[in-house]
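> Would you mind keeping the following structure in view while I ask a few things?
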Amino acid sequence: MSELQSDLQVQLEGFRLTTAQIYYHLPDYPDLLQEFIWQRYDIAPAFPKLYGFIDFWQKEIEGSLHSVYVAKKELISPAQTRMLDAEFTLQ
């Protein structure tokens, strides 16, 4: 996914807005948890960008992960249609 693509193009390619709520232990105070919110366009259910970020976190950031909660939202979805039994003319 190119950074120059519009949001619409990205969504039409199958990406969905993904939000991860990440809880981690503070390095100096391991009994305390801190929250970090990560939000990007990603592809469910594989979530390659999210897993890439988590791998980066585990290798480069001192705070060990406690838990990760993930939500995704399809901003563009198929149109809902319904049949009508009447026809109206406006003049």
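> With a ≥ b ≥ c taken as the square roots of the eigenvalues of the C-alpha gyration tensor of the stretch 20-71, please select rounded if a/c is under 1.5 and otherwise prolate if a/b is larger than b/c or oblate if it is not?
On the way: a/c = 2.98, a/b = 1.86, b/c = 1.60.
Judged from the Cα gyration tensor, the stretch 20-71 comes out prolate (a/c at least 1.5, a/b above b/c).
> Nearest 0.05, what FRET efficiency do ARG40 and HIS66 give at R0 = 25 Å with Cβ-Cβ as r? Can you show the working numbers first?
Numbers: r = 21 Å, r/R0 = 0.83.
Efficiency at R0 = 25 Å is approximately 0.75.
> Describe numerically, in nm with one decimal, the distance between label points set 7 Å from Cα along Cα→Cβ at GLN9 and at ASP31.
Taking the two extended label points, one gets 5.3 nm.
Values in this text are rule-based calculations from the coordinates and carry no lab data. Because the structure is predicted, anything quoted here is derived from the model rather than measured. Heads up, the Cβs are rebuilt from the backbone with ideal geometry, glycines too, and the neighbour counts pull from every protein chain shown.
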